[in-house]
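The block underneath contains the structure these notes are about, expressed in structure tokens.
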Amino acid sequence: MKLTLPSNFFYQFLFFLAVFIPYLDIFELTISVWVACFVVSIVRQYSFSIVKLVIPFLLILFIAIVVMFFQDNGLYFIIRDITYLIKPVVGLFLGYQLCQRNLNNAFQLILKTAYLIAIYHLIVVVFSFVFFKANNVNLIREYGGYFSDYEVYALVILIFYKNFQIHFDRKKRILYTVVIGLSVFMYLARTNFLQLLILFLGMKGYLEINKKSIAIITSIVVLTVAGYSSILYINPKRGGDGIEAFLYKIKVAPMETFKTKIKRDDWKDFNDNYRSYENIMTIRQVSSEGTLSVLFGKGLGSSIDLKQKVYLGDMQLRHISILHNGFMIVFLKSGLLGILIYFFSISYFFKRYKIHNEQAQSIRLLFIGTGVFLVLSNWVFLGFYNLIDTKTILIGFLIAYFEKNNNPN
């Protein structure tokens, strides 16, 4: 039996590799692989559209570099910040380039990659359950991973396969949907569940302002309030097992990133609202250095003093340079000016286009959902700046595909 590889197999492999590597959660490996893939897949032309999306991230980096010269930040942290802040740029360009190399099988490649990643994730979950007794929410997430935006996008594309004109046979489509859907569920990530809802609403056109969308969103808000009230009535306890642990996370979610006062000597309050604590300390310490710091940040290599050592991953740290909040990290490095520029990058996804076919319209609706989700994602998970984020590759990929296929011919 002769094995025949497609002519663009190399670039298909690069796409899978670039998307998969961040799931290993080794940032140095991720950025190295991304840069290498970027170099070997460079194309001759880049559209104004992709450049316009990348420019805000370059401007944020530029401001942070300029401010750095007026600060006394360590060289190691400066170099590390450069790699962190350049990651969205590399990811967007990389996705754009790899789509140019895989135009004929773009959506098949997106879904096959998600399917393989889902299988990997489910194997890890089963392995951790059998060998490490990962039988509660916290341990399942510790071993299996905390979220997967990429798989949620793939699941939404599968749900709306007709809109995207995907020609999988029925058995294959059901298999992919079940496997990817189960994998998404097993991350037990509140943000991913909200992402799925937001992207679904976007694909249905309910995120565009009209009478019908207002009625739908209002109904969802009412149901959400009723559901949350039910959880408060049940009153799940901290440290519970199984579904109780998940419900407890939902119970504390509304205040987790918005609380303005945290009791550092109360470990429950501190742990449950740690993201809020980061935000409070960031605003307080940047503001304490005067108006210029508020406007332009503290530059590359800057950090926040948590006033006590905190376990983050497998390390115990007091000074941190990377936060959980994308808006706060931009504020820390490049101030309010950086945040204004960052909002411009999010507004990109709400741009109106002249649409010439259903597939292009579907991508546009997915972009609208992405814009709404990015507000949430930046507030709790760093958005495009997350160290294991793969959205940038997918977004760059879809921009290239949209440009090539949205034409009147």
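For residue 26, the solvent-accessible surface computed with a 1.4 Å probe is close to 80 Å², ligands and nucleic acids excluded.
When both region 26-49 and region 65-141 are represented by their alpha-carbon centers, they are found 13 Å apart. Extent of region 164-216 along its three principal axes (Cα atoms, max minus min coordinate, largest first): 38, 29, 13 Å.
Its Cα gyration tensor gives the chain an equivalent ellipsoid, and the semi-axes of that ellipsoid, as √(5λ) in whole Å with the largest first, are 33, 28, 23. A Förster radius of 25 Å, combined with the Cβ-Cβ distance separating residue 315 from residue 288, puts the computed FRET efficiency at roughly 0.45. Counting only protein heavy atoms and using a 1.4 Å probe, the accessible area of residue 344 comes to about 110 Å².
Shape of region 9-160 from its Cα gyration tensor (a ≥ b ≥ c, root eigenvalues): rounded if a/c is under 1.5, otherwise prolate when a/b > b/c, or oblate?
Working: a/c = 2.32, a/b = 1.24, b/c = 1.87.
Oblate is the answer for region 9-160, as a/c is 1.5 or above yet b/c matches or exceeds a/b.
Backbone N atoms of region 24-52 closer than 20 Å to the 7 Å Cα→Cβ label point of residue 354 belong to residues 47-50.
Screening the chain for whole DSSP H helices of 27 Å or more along their axis (Cα) with average Kyte-Doolittle hydropathy at least -1.0 returns 48-68, 75-100, 106-132, 211-234, 358-381.
Report the full-extension gain for the segment residue 45 to residue 71: residue separation times 0.36 nm, less the Cα-Cα distance, to one decimal in nm.
5.6 nm
Normalising by residue count, region 72-174 has a Cα convex hull of 167 Å³ per residue. Using a 1.4 angstrom probe on heavy atoms only, work out the carbon and sulfur share of the accessible area of region 114-227 in %. That fraction is 70 percent.
State whether region 25-66 is rounded, prolate or oblate according to the following rule on the C-alpha gyration tensor (a ≥ b ≥ c being the square roots of its eigenvalues): a/c under 1.5 gives rounded; otherwise a/b larger than b/c gives prolate, and the remaining case gives oblate.
oblate
With a 1.4 Å probe rolled over the protein heavy atoms of all chains, the accessible area of 208, 278, 142 falls in the order 142, 208, 278, largest first.
Sort 40, 137 by heavy-atom solvent-accessible area, probe 1.4 angstrom, most to least. Don't skip to the answer; put the middle values down first.
Details: 40 75, 137 10 Å².
Of 40, 137, the descending order of accessible area is 40, 137.
Rounded to the nearest 500, the 222 nm mean residue ellipticity of the chain from helices alone is -22500 deg cm²/dmol, with -39,500 (n - 2.57) taken per DSSP H run of at least 4 residues.
Kindly flag which residue pairs out of 133/162; 172/351; 237/261; 212/261; 52/171 have an alpha-carbon separation exceeding 32 Å in this structure.
On the way: 133/162 41 Å; 172/351 34 Å; 237/261 22 Å; 212/261 39 Å; 52/171 41 Å.
Among 133/162; 172/351; 237/261; 212/261; 52/171, the Cα-Cα distance tops 32 Å for 133/162; 172/351; 212/261; 52/171.
Kindly identify region 62-131 as rounded, prolate or oblate by the Cα gyration tensor criterion: order the square roots of the eigenvalues as a ≥ b ≥ c, call it rounded if a/c is under 1.5, otherwise compare a/b with b/c, prolate if a/b is larger, else oblate. Numbers along the way, then the final one.
Working: a/c = 6.16, a/b = 1.56, b/c = 3.95.
It comes out oblate by the Cα gyration axes.
Straight-line cross-link reach from residue 309 at under 12 Å between alpha-carbon atoms covers no aspartates and glutamates, not counting any fewer than eight positions away in the same chain. Can you work out the FRET efficiency for the pair residue 261 and residue 225, with r the C-beta to C-beta distance and R0 = 22 Å, to the nearest 0.05? Efficiency computed from Cβ-Cβ geometry: 0.35.
Ranked from largest, the principal axis spans of the Cα set of region 277-374 equal 56, 35, 20 Å.
The values are calculated or read from the model by the stated rules, or taken from the named source; none is laboratory data. None of these values were measured; they are calculated from a predicted model. Because the Cβ atoms are built from the backbone with ideal geometry, glycine has one as well, and the counts that use them run over all protein chains shown. Accessible surface areas use protein heavy atoms only, side chains included; no ligands, DNA or RNA. Shrake-Rupley method; radii C 1.70, N 1.55, O 1.52, S 1.80 Å.
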